[in-house]
Amino acid sequence: MNPASTATSPPAAPGALPVAGHLWQILRDPLLFFERRHTGAAARTGVVVVRVGPRPVHLVTRPDLVRQLLADPETFEQGGIYVEGLRTLAGNSVAGCPAADHQVQRPILQPAFQQRRIADYSRTTEACADALARSWRDGQRLEMVQSMHRLAAEVVTRTLFSGPGTVQAGQDIQRLFPHLLAGLHRRMLLPVAWVHRLPLPANIGFASAVSGINRIVDKEIQTYRRGGRDPGDLLSAMMRATDPRTGAALTHAELTEQVVGMLLAAVETTGSVTAWLLHNLAVHPEVEEAVLGELSIAVGDRPLRAEDLPNLPLFKRVFAEVLRLHPPFWLLSRVTTRPVELGGHRIPGGADIAFSLHCLHRAPQAFPFPHRFDPDRWLPDRVTDAQREAHLPFGAGTRQCIGEVYGRTAIPLVVATLLRHWRLRHATGREVTPLVRGTMRPSPLSMTVTRRTAAFAP
Ligand code: HEM
């Protein structure tokens, strides 16, 4: 840091208690707590220090500064309150590993996400969604969040881990997710290691879910190895890969961590965003009708393919708006590797950094009437630079989501396949609150399905 610098220490958020800091406020209503930190004079300075228990965390509240830190992974290293929790689940997998390992791991995984592969995956995705649509009965009431997570688990396991037993494994893992995400959430908002070692029911449940997921994945990998064939999917790419620094292949334990990390990153996000998309379209039937009209003109009656998506501009805007309102990763973290200046603030080395995609996406400076669902704010003649800068559902920089194209393809394919045949409406109230855990998924979403086309015979 420049010794002649005029940088100042960032302001502290008011209301911290001596040891607990802001912990009770955060635990009571995390979204409200972080939203409040994004308003007022302190937020405009761009960095404000909140106390997550005894730990001071530098919350970055301006999108330009978040982009700046994401562009500098050497200084803002993967780590901090979110990543520590993630590592208890997925060890040193690509999403949580430090930069030096990331340089090795990311190129190994990248080929499985090439455009050519995504086109192959899209046929499987459409087939899984079609089978689900055919299994529904007219007037049936379904818990849509659960249903979409189950579908996401099936799609992800069939495309990325296409071994013989992986569909069942995906379903089993998906059942453990609520325990895993709740544990991740507790570790993130109460980052005090000894608390999570106490023999409390929540800790015991989390430990058992972690060993459960590891056991399932471990068994799958062994089945793959015994099978001896190469289906050319993500898991086989990971098994073939060697570390260019040492020439060594991934060990069994490392492979297990990668698979657990990838499943968590892929299933939770796609399942939740699909459910949010269905919810928003049911609340806005006029938008839903327009999306279906666009689909019918661009695609007709044939199955939707990945190649069709660029011809669906309204659907793309709707998707952008859903990702804005409901980014699954609502809070992310980093740790500084050296003293640094950010937005005129002095931040020491080893400091905890956090930023909230949820809050950035609802900042009125970038998004007028931020809580309003308005897909047309993404029309080319309405979208602003401030809006583009603040919209970060897939992150940015070297750690930008590896599954972005996969998610951008799979989610619309699923939604289009379901909605062409069924009208989904809320069975109870239309109020759906976010369930804030390690990610942000909709709270239970009970919907009734009504058949649209007589021609569609399940
Ligand atoms: C709508 C769907 C999705 C959203 C909104 C989303 C969002 C994100 C975000 C914000 C990050 C960056 C985290 C950070 O900066 O610390 C990320 C990373 C990641 N995502 Fe996604 N994701 C989605 C779907 C997927 C899918 C489908 C996969 C896998 C098939 C996936 C795998 C990953 C992985 C492995 C990383 C870590 C990348 C790295 O550090 O190099 N995601 N995702």
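The values are calculated or read from the model by the stated rules, or taken from the named source; none is laboratory data. Note that this is a predicted model, so its numbers are computed, not measured. With ideal geometry, Cβ positions are generated from the backbone for all residues, glycine too; neighbour counts draw on all protein chains shown.
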Exercise for the section: For the stretch 360-390, name all the residues that are touching a Leu at 6+ places or on another chain (Cβ under 8 Å) and closer than 23 Å to Asp72 by Cα. Expected result: Leu360, His361, Ala390
Handout entry: Close pairs (8 angstrom Cβ cut-off, 6 or more residues apart or separate chains): basic (Lys, Arg) in the stretch 239-264, within 12 Å of the ligand (Cβ to nearest atom) and assigned to a helix (DSSP H, G or I) anywhere
Key = Arg245/Val104
Problem - Long-range neighbours under 6 Å by Cβ, at least six apart or interchain, first residue within 14 Å of Phe34 (Cα to Cα) within the stretch 346-360, second assigned to a helix (DSSP H, G or I) and of a type outside the set (Lys, Arg) - result: Phe355/Val66; Ser356/Phe34; Cys359/Phe34; Cys359/Glu35; Leu360/Pro63; Leu360/Ala390
Fill in the blank from the handout: For the stretch 389-403, pairs from a residue that is in a loop (DSSP other than H, G, I, E, B) to a residue that is more than 7 Å from the ligand (Cβ to nearest atom) and among the small types (Gly, Ala, Ser), with Cβ under 9 Å and 6 or more apart or across chains, are His391/Ala320; His391/Ala366; Pro393/Ala320; Ala396/Ala71; Ile402/Ala112
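So which of Leu176, Leu198 ends up being surrounded by 12 or more Cβ atoms within 10 Å (Cβ to Cβ) and aliphatic (A, V, I, L, M)? Can you show your working first?
Values: Leu198 fails: surrounded by 12 or more Cβ atoms within 10 Å (Cβ to Cβ).
Among Leu176, Leu198, only Leu176 is surrounded by 12 or more Cβ atoms within 10 Å (Cβ to Cβ) and aliphatic (A, V, I, L, M).
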Completion exercise
When Leu435 is run through (1) away from the ligand (no atom under 12 Å from the Cβ); (2) among the hydrophobic types (A, V, I, L, M, F, W, C); (3) in contact (Cβ under 8 Å) with a residue 60 or more places away in the chain; (4) surrounded by fewer than 22 Cβ atoms within 10 Å (Cβ to Cβ), the failure sits at (3)
Exercise for the section: Return a yes/no flag: does the stretch 290-299 have any residue that is within 16 Å of the ligand (Cβ to nearest atom), assigned to a helix (DSSP H, G or I), touching a residue at least 12 places away in the same chain (Cβ under 8 Å) and over 30 Å from Ala7 (Cα atoms). Expected result: no
Exercise for the section: Restricting attention to the stretch 300-342, report how many residues are basic (Lys, Arg) and either crowded, with 17+ Cβ neighbours inside 10 Å or within 15 Å of the ligand (Cβ to nearest atom) (or both). Expected result: 4
Problem - Per-region count, the stretch 364-410, residues among the aliphatic types (A, V, I, L, M) and over 30 Å from Gly261 (Cβ atoms) - result: 4
Completion exercise
Given (1) away from the ligand (no atom under 16 Å from the Cβ); (2) in contact (Cβ under 8 Å) with a residue 60 or more places away in the chain, Asp376 misses just (2)
Problem - Filter result for the condition that a residue is at pLDDT 80 or above, under 13 Å from Leu263 (Cα atoms) and of a type in the set (Ser, Thr, Tyr), over Ser93, Ser122 - result: Ser93
Problem - Residue satisfying all of: in the stretch 137-164; of a type in the set (Gly, Ala, Ser) and part of a helix (DSSP H, G or I); nearest to Thr448 (Cα to Cα) among these - result: Ser147
